[in-house]
1. Stokes-Einstein diffusion coefficient for the chain at 4 °C in a medium of 1.567 mPa s, Rh from the Kirkwood formula over Cα pairs: what value in µm²/s?
2. Given just the C-alpha atoms of segment 16-77, how large is their convex hull per residue in cubic angstrom?
3. With Kirkwood's inverse mean 1/r over C-alpha pairs for Rh, give me the Rg to Rh ratio of segment 124-214, two decimals please.
4. With +1 assigned to the C-beta of every Lys and Arg and -1 to the C-beta of every Asp and Glu, and no other charges, what is the dipole magnitude of the chain about the Cα centre in debye, to the nearest 20?
5. Just from its helices, what would the mean residue ellipticity at 222 nm be for the chain, if runs of 4 or more DSSP H residues each count -39500 (n - 2.57) and the sum is divided by every residue, rounded to the nearest 500 deg cm²/dmol?
6. Less than 11 Å Cβ to Cβ from L134, Lys/Arg counted +1 and Asp/Glu -1: what total charge do the surrounding residues give?
Amino acid sequence: MSMFSWRLRLVHEGNAGIVLERSGRRIRFDPVAPLEHDDIVILTGADPFAPERSVGFHTVVRGHGRGEVDTEIDGVRFEGLSFEPVSRDGGIRRWVSDARQPSEAARRWLARRRPDVATIWRLTFENGEQLVHLGGAFHGGTDVGWAADVVTRFGQPKWLIASAPFGHAATAESRLPAMAAEHVLLADLDGDLRRAAGRPTELVTPLADRLEAAGLPVMVFVPGSSIRFE
């Protein structure tokens with residue numbers, strides 16, 4: 001049980017792992033570090049290995065096929081909407097073959113291990129404040145009508161966690177402003193995984209700079225960093 005003086009603190013623990021520290025139980029998106037007994041785990045589908053780290057854990061919230069999720073735990077409402085993630089690179093085998101010693105993550109990726117259902121999550125806290133974990137839902141293959149529906153349903157949160165899949169920064173740049181979030185946390189959710197698999201990566205800073213220039217209240221959220229809201 002965490003008892004902090006701040007309203008919310010977010011920690012990026014690497015891969016797609018994001019920890020929400022608040023008064024009450026910790027909430028762990030796609031956990032990387034070992035779990036504690038009172039954590040609440042949420043799987044977004046961004047990390048294909050996160051489900052393995054959560055096997056047997058008692059509090060796991062996840063998507064189910066193309067259905068929606070709506071549940072409440074300890075006064076926090078969790079709403080999930082599945083989406084079609086960006087397709088994988090066709091050149092993965094070439095990238096891995098270029099590496100001298102492919103990592104275990106790369107070999108398992110080559111084996112086409114499937115991640116959990118790709119899911120957008122909205123968390124509504126006891127005081128009514130909302131956090132939306134959009135992840136990489138906005139990419140070049142995203143249906144325009146579906147994206148508009150997401151904005152209508154999940155727009156105007158206090159906090160928005162979003163990422164741009166590799167090669168899709170332009171789409172994220174064009175669609176994220178419509179979410180009208182009070183705080184936009186532009187996260188690197190697949191850089192660690194791509195590097196482990198010998199794949200190319202992109203910096204999030206250039207996209208963050210362009211969004212900030214367009215008037216968005218954006219913060220760069222990369223592995224190893226934390227952001228605290230009083």
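Taken together, the values in this text are just the output of simple stated rules run on the coordinates, not laboratory data. Quick caveat, the model's predicted, so the values are computed rather than measured. Please note: Cβ atoms are built from the backbone with ideal geometry, for glycine as well, and neighbour counts cover all protein chains shown.
1. After rounding, the answer is 72 µm²/s.
2. Details: hull volume 5.5 nm³, N = 62.
Hull volume normalised by residue count: 88 Å³.
3. 0.99
4. Values: 28 positive and 31 negative charges, 151 e Å.
The dipole of the chain has a size of about 720 debye.
5. Value at 222 nm, helices only, nearest 500: -5500 deg cm²/dmol.
6. Residues near L134 contribute +2 overall.
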